[in-house]
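Data block below; observations after.
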There are 2 protein chains.
Amino acid sequence: MFTKDGGPQPADFADVRATNLAVVLRHLRINAPCSRANIAAATGLNKATVSSLVTDLIGRRLVREVGMSEKSIGRPAMMLVLDGSPYAAIGLEVNADYLTAVALDLAGERLLSWRRSFAGASSAPGPAIASLAALAKRAIAKMVREERRVLGLTVAVPGLVDPDGVIELAPNLGWHQVDLRKSLLSALQEPAFPLLVENDANLAVLAEQRFGGQGSANLVYLAGGAGIGAGIIADGRLLQGNRNFAGEFGHLPIDPAGPLCGCGRHGCVESLAGLGALIRRALPEATVSPSEFGPQVDEIHRLAKAGDARVLDALAATGRHLGHGLSMLTNLINPEFVALGGYFTVLAPWLIPDASRELVTRSVAGAGGGTRIIASALDSSAAAAGGATHVLDAIDAGALPTP
Amino acid sequence: MFTKDGGPQPADFADVRATNLAVVLRHLRINAPCSRANIAAATGLNKATVSSLVTDLIGRRLVREVGMSEKSIGRPAMMLVLDGSPYAAIGLEVNADYLTAVALDLAGERLLSWRRSFAGASSAPGPAIASLAALAKRAIAKMVREERRVLGLTVAVPGLVDPDGVIELAPNLGWHQVDLRKSLLSALQEPAFPLLVENDANLAVLAEQRFGGQGSANLVYLAGGAGIGAGIIADGRLLQGNRNFAGEFGHLPIDPAGPLCGCGRHGCVESLAGLGALIRRALPEATVSPSEFGPQVDEIHRLAKAGDARVLDALAATGRHLGHGLSMLTNLINPEFVALGGYFTVLAPWLIPDASRELVTRSVAGAGGGTRIIASALDSSAAAAGGATHVLDAIDAGALPTP
C-alpha cells in the first residue's frame with residue numbers, strides 16, 4: 001500500500017508467468033509431494049495454467065514427477081516434487097578467524113559445508129582473496145563433479161560492502177577499499193553465473209529468515225564476533241540503505257564516556273558488548289585475538305555452565321550493553337525478533353535475560369515494542385549459508401534458470 | 001531481488017490491468033498533457049492497451065481529453081490530462097499546540113489548508129477528539145459542497161499508533177491507549193471512505209517524498225517539536241516495523257549521563273536536542289510550554305539572524321546532539337537524506353553545520369555514509385499533507401476509485 005519504488009512498473013503477461021512459475025516452485029518447496037490439482041487448489045491458479053507452468057518447470061529440471069498417489073477415492077494423481085538436482089547455490093564467508101563454504105540445492109538441502117581456520121585478521125587482502133578463490137574453485141569443482149550447474153555464488157564479508165561489491169571498510173580484516181568482486185571474477189575466469197559480495201550479517205539474516213523457522217517479516221540477525229554486524233529484514237525485505245551501509249550495529253555510539261573502540265571512537269556497542277569486551281571481563285588473563293575466539297568462547301561457555309561468578313557477571317554486563325544497543329533497533333526499526341548469531345549463539349542463554357531487561361527499560365514502546373531476543377537457529381556457517389540463500393531468493397523472486 | 005513478503009503471490013490479468021491503470025495515471029500526473037501515443041511510447045505498453053486503459057480512466061473521471069494537439073507533422077493527437085476534479089484526499093494533524101487540515105486533489109493540488117492553535121498538551125482525549133472530528137466534518141462538508149468525492153481521510157498523531165489506529169502512547173498529548181480511529185469513525189457516522197490514523201512523522205515523510213523534490217527512495221523526515229519523531233522511507237517504502245512503532249528517534253538513549261527526559265529516562269535525543277532543550281539554552285528566562293513554541297521559535301530565529309552569541313551557541317549545541325542521534329540512523333539505516341521538519345525547518349541553517357559534522361564523526365562509513373541533512377521542503381502542515389498523500393499513494397498503488 002505504501003509501495004512507491006518510483007511507482008508501479010508496467011506489467012505484462014511474461015511478468016505474470018514468471019511470477020506464477022515462482023509461486024508454483026515455492027509451493028512445491030514447502031508442500032511437496034503434491035499433485036497439479038493440489039497446487040491449483042492451494043494457489044488459486046486454474047488447473048490449465050498450473051499444468052502449463054508445471055510442464056515448463058519440468059523442462060527446466062526444477063520439478064519432477066514421482067509416480068501416482070494412492071487415493072482411496074477418485075483417480076490417482078501424478079505427484080510432483082522439487083527436482084533441482086542439476087543445480088547448486090554457493091555461499092562463501094571470509095571472517096577474522098575462518099573461511100566457510102556452503103552449497104545448497106534448490107530445496108535448501110546442504111550439498112557441502114566446509115570450514116577452515118584462517119588468519120584473516122593478520123592477512124593482507126591479496127593472500128586472503130587467493131585463499132577465498134581457492135576455496136571457491138574447490139566448491140565449484142565439487143558441484144561440477146556432481147553434474148550440478150552453479151546458479152550463483154555470493155561472498156559474505158564482515159564490513160561495509162558497496163553496491164558494486166567493493167569492500168569500503170572491514171575493520172576486523174584490516175581491509176579498506178578492496179574490490180573483492182572484481183578480484184574474484186578474474187580469479188574464477190569470469191564465471192557464467194552471478195558472483196556477488198555482501199555484508200555477512202545481511203546474508204546471515206536471509207538464512208535466518210528462511211531456515212530459522214520464525215517466519216517473521218521483521219527480523220534482525222546479530223553477527224557476534226570480533227565486531228557485531230546486524231542484518232535487518234523489514235517488511236519482508238533486506239534493509240540495505242542508500243549505499244548498502246545499513247546495519248552497522250557494532251559502531252552505534254551509545255556512551256560518550258565509553259571505552260575506546262577499534263574504529264577509533266568511544267563507546268561504540270562493539271567496545272562494550274563485542275567479543276573482545278566479553279573476553280576481557282570473563283577471562284582477564286587471556287589475550288584477545290580472533291585466532292583464539294573459538295577456544296575462549298568454549299571456555300566461557302564451560303565456566304558459565306559451571307556457575308563461575310566472574311564469568312556470569314561478565315555475561316550479564318555484556319548482555320546489558322547489548323540490550324542498550326538493541327533498544328536503538330527497537331525504537332528505530334521495531335523488529336519482531338533479534339536473533340543472536342555468531343559466537344553469541346552458544347552464549348545466548350546467559351546474554352538474553354539482561355539484554356531483554358535493558359531493551360525493555362530503554363524502549364519507549366511498552367514491553368520493548370514487542371521485540372524478542374532469541375538465539376539464532378543457525379551455526380557458524382550462517383553467513384555462507386546466507387550467501388547460498390541469497391542465490392535461492394533470486395530464483396524465488398522469479399529469476400529462474402533457463403532450460 | 002530480495003523481495004520475500006511471504007514470497008510472490010499468484011498474479012492474474014486483473015492484477016496486470018490494475019497495475020497498468022496506475023502506471024498510466026502516474027505518467028499523466030508527471031507528464032500531462034500528453035497523447036495516448038506518448039503514453040504508449042513512454043511506458044512500453046502497446047497502443048491498443050493504452051487506449052483501453054485510458055477509456056477506463058476517463059470512465060472513472062480520473063482523466064479527461066483537452067482537445068487536439070497542434071503538430072507540425074502528422075495527424076494532430078487528442079491530448080489527455082488528469083481530471084480528478086470530482087475527488088479529494090483529506091489529511092488532519094493533531095499536535096501539542098495546533099490542529100491542521102489539508103485536502104489535495106488527485107494531481108496533488110491543495111484544495112484547502114487550515115491551521116488553528118489548539119491546547120493539545122492540556123486537553124483530555126475526549127475534547128481533543130471532539131475538536132478533531134469537528135474540523136474533519138468542516139473539511140468533508142467543504143469538499144461535498146465542491147461536489148468532490150472524499151477518497152479517504154488519514155489522521156496524523158505525534159506518538160505510537162498501532163496498526164488498528166489505537167494511540168498506544170502520545171507523551172506530548174498525554175495520551176495513553178486512546179482508540180482514536182474508533183472514536184472518529186463513530187463521530188463521523190462510519191463514513192464510506194477509508195479513515196486511518198498514523199504517526200505524524202510517518203505521514204510527513206510521504207509528503208516529503210512526493211513534494212520535497214529529492215526523489216530519493218531512502219529518506220528520513222524529522223518532526224521537530226515538543227518531541228522528535230522520525231518517518232523513515234527505506235527502499236521506497238515506509239518503514240513501520242512489527243507493531244508500527246518504528247521511527248521513535250526522540251527517545252533513542254544516546255547518553256546514559258544525559259538529562260531527564262519527559263519519558264522518564266535519561267539522555268534521550270529529545271532531552272538533548274528537542275525544542276524544550278533548545279529553548280532552555282537559547283532563552284533561559286522563557287518558560288517551556290507547547291503553547292509558546294511558535295513565538296519562541298520566531299524569537300530564536302530573529303536572534304540567530306541578528307548574530308546573538310548565546311542563541312548561536314544554543315543552536316550549535318542542539319545541532320551537535322541532533323547529529324549524534326542522526327549517526328544512529330546513518331549507521332543502522334543509511335538514508336540518503338534527513339529532512340529537518342516541523343519547528344526545525346526554519347532553524348535548519350543554524351542546526352545543519354554542527355549536526356553534519358557530528359554525524360560524520362560518529363558514522364563508521366566514510367563521509368557519514370553519504371547521508372545529507374537538509375531543511376524540509378514542507379511547512380507546518382507537513383503531517384496533514386502527508387495524511388492526504390497517504391490516500392493518494394493508495395491510488396497510485398492501484399486502488400482506484402470505482403466509476
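The values are calculated or read from the model by the stated rules, or taken from the named source; none is laboratory data. As the structure is a computational prediction, the values presented were derived from the model and not from experiment. Because the Cβ atoms are built from the backbone with ideal geometry, glycine has one as well, and the counts that use them run over all protein chains shown. With ligands, DNA and RNA removed, areas are computed over all heavy atoms of the protein, side chains included. Shrake-Rupley method; radii C 1.70, N 1.55, O 1.52, S 1.80 Å.
Before moving on, here are some points about what is shown:
- Subset of the stretch B:173-196 (residues that are assigned to a strand (DSSP E or B) and open to solvent by 10 Å² or more (accessible area, probe 1.4 Å)): B:H176, B:Q177, B:V178, B:L196
- Selection count, the stretch B:49-65, where residues are farther than 15 Å from B:M78 by Cα and open to solvent by 20 Å² or more (accessible area, probe 1.4 Å): 5
- Selection within the stretch A:219-246 - surrounded by fewer than 24 Cβ atoms within 10 Å (Cβ to Cβ) and in a loop (DSSP other than H, G, I, E, B): A:D235, A:G236, A:Q240, A:N242, A:R243, A:N244
- Unique match (being among the hydrophobic types (A, V, I, L, M, F, W, C) and in contact with a helix residue (DSSP H, G or I) (Cβ under 9 Å, 6 or more places away or on another chain)) among A:A124, A:A139, A:A134: A:A134
- Matching option when the condition is in a loop (DSSP other than H, G, I, E, B) and in the same structural domain as A:Y221 (by TED's automatic domain parsing), among A:A304, A:A286, A:A277, A:A339: A:A286
- Of the residues screened, B:L252 is one that is under 17 Å from B:H324 (Cβ atoms) and in the same structural domain as B:V288 (by TED's automatic domain parsing).
- Residue within the stretch A:200-217 that is acidic (D, E), in contact (Cβ under 8 Å) with a residue 12 or more places away in the chain, crowded, with 23+ Cβ neighbours inside 10 Å and more than 9 Å from every other protein chain (Cβ to nearest Cβ) present: yes
- Condition check for B:L326: surrounded by 23 or more Cβ atoms within 10 Å (Cβ to Cβ), at negative phi and more than 10 Å from chain A (Cβ to nearest Cβ): yes
- Hey, A:V338 at negative phi, touching a helix residue (DSSP H, G or I) at 6+ places or on another chain (Cβ under 8 Å), open to solvent by less than 10 Å² (accessible area, probe 1.4 Å) and of a type in the set (V, I, T) or not: yes
- Just one of the listed residues (B:L340, B:L332) is touching a residue at least 12 places away in the same chain (Cβ under 8 Å) and either closer than 20 Å to B:R110 by Cβ or among the hydrophobic types (A, V, I, L, M, F, W, C) (or both), namely B:L340.
- Evaluation of A:A384 against (1) within 14 Å of chain B (Cβ to nearest Cβ); (2) touching a strand residue (DSSP E or B) at 6+ places or on another chain (Cβ under 6 Å) (one fails), failing number: (1)
- The set of residues in the stretch B:90-109 that are touching a helix residue (DSSP H, G or I) at 6+ places or on another chain (Cβ under 8 Å) and either surrounded by fewer than 18 Cβ atoms within 10 Å (Cβ to Cβ) or more than 24 Å from B:G294 (Cα to Cα) (or both) comprises B:I90, B:L104, B:L106, B:A107, B:G108.
- Where A:L347 falls short, out of the listed (1) within 14 Å of chain B (Cβ to nearest Cβ); (2) touching a strand residue (DSSP E or B) at 6+ places or on another chain (Cβ under 9 Å): (1)
- Whichever residue in the stretch A:185-199 is under 26 Å from B:N331 (Cα atoms) and within 13 Å of chain B (Cβ to nearest Cβ) and, among such residues, is farthest from the chain's Cα centre (by Cα): A:L196
- Within the stretch A:356-386, the set of residues being among the charged types (D, E, K, R) and out of contact with any helix residue (DSSP H, G or I) (no Cβ under 7 Å at 6 or more places or on another chain) comprises A:R372, A:D379.
- Of all residues making up the stretch B:344-382, the number that are closer than 30 Å to A:F249 by Cα, aliphatic (A, V, I, L, M) and under 22 Å from the mean Cα position of the chain (by Cα): 6
- Leading residue by the ranking (nearest to A:N202 (Cα to Cα)) among those in the stretch A:374-392 that are of a type outside the set (S, T, Y) and surrounded by fewer than 24 Cβ atoms within 10 Å (Cβ to Cβ): A:L378
- Of all residues making up the stretch A:356-390, the number that are at positive phi and of a type in the set (A, V, I, L, M): 1
- Residue list for the stretch B:190-249, filter: closer than 30 Å to B:R149 by Cα and among the polar types (S, T, N, Q): B:N199, B:N202, B:Q209, B:Q240, B:N244
- Some residue of the stretch B:6-15 being away from every other protein chain (no Cβ under 13 Å), part of a loop (DSSP other than H, G, I, E, B) and at pLDDT below 90: no
- Only listed residue being modelled with pLDDT of 85 or more and within 14 Å of another protein chain (Cβ to nearest Cβ), chosen from A:A40, A:A77, A:A101: A:A40
- Within the stretch A:165-184, the residues that satisfy the criterion of being more than 25 Å from A:A88 (Cβ to Cβ) and under 21 Å from the mean Cα position of the chain (by Cα) are A:V166, A:I167, A:E168, A:L169, A:A170, A:P171, A:N172, A:L173.
- Test result for B:A314, away from every other protein chain (no Cβ under 14 Å), closer than 30 Å to A:N202 by Cβ and part of a helix (DSSP H, G or I): no
- Within the stretch A:254-264, restricting attention to residues that are facing chain B (nearest Cβ under 7 Å) and out of contact with any His (no Cβ under 7 Å at 6 or more places or on another chain), the residue that is surrounded by the fewest Cβ atoms within 10 Å (Cβ to Cβ) is A:A257.
- Among the residues listed as A:A397, A:A382, the single one being under 30 Å from A:D56 (Cβ atoms), of a type in the set (G, A, S) and touching a Phe, Trp or Tyr at 6+ places or on another chain (Cβ under 9 Å): A:A397
- Residue in the stretch A:365-387 that is more than 30 Å from A:L28 (Cβ to Cβ) and touching a Pro at 6+ places or on another chain (Cβ under 8 Å) present: yes
- Every pair of residues 6+ apart whose Cβ atoms lie under 9 Å, when the first sits in the stretch B:352-381 and is within 18 Å of B:L312 (Cα to Cα) and more than 10 Å from every other protein chain (Cβ to nearest Cβ) while the second is buried (at least 18 other Cβ atoms within 10 Å of the Cβ) and of a type in the set (F, W, Y): B:A375/B:F344
- Being over 30 Å from B:V150 (Cβ atoms), of a type in the set (A, V, I, L, M, F, W, C), crowded, with 24+ Cβ neighbours inside 10 Å and within 14 Å of chain A (Cβ to nearest Cβ) is a property that B:I333 has.
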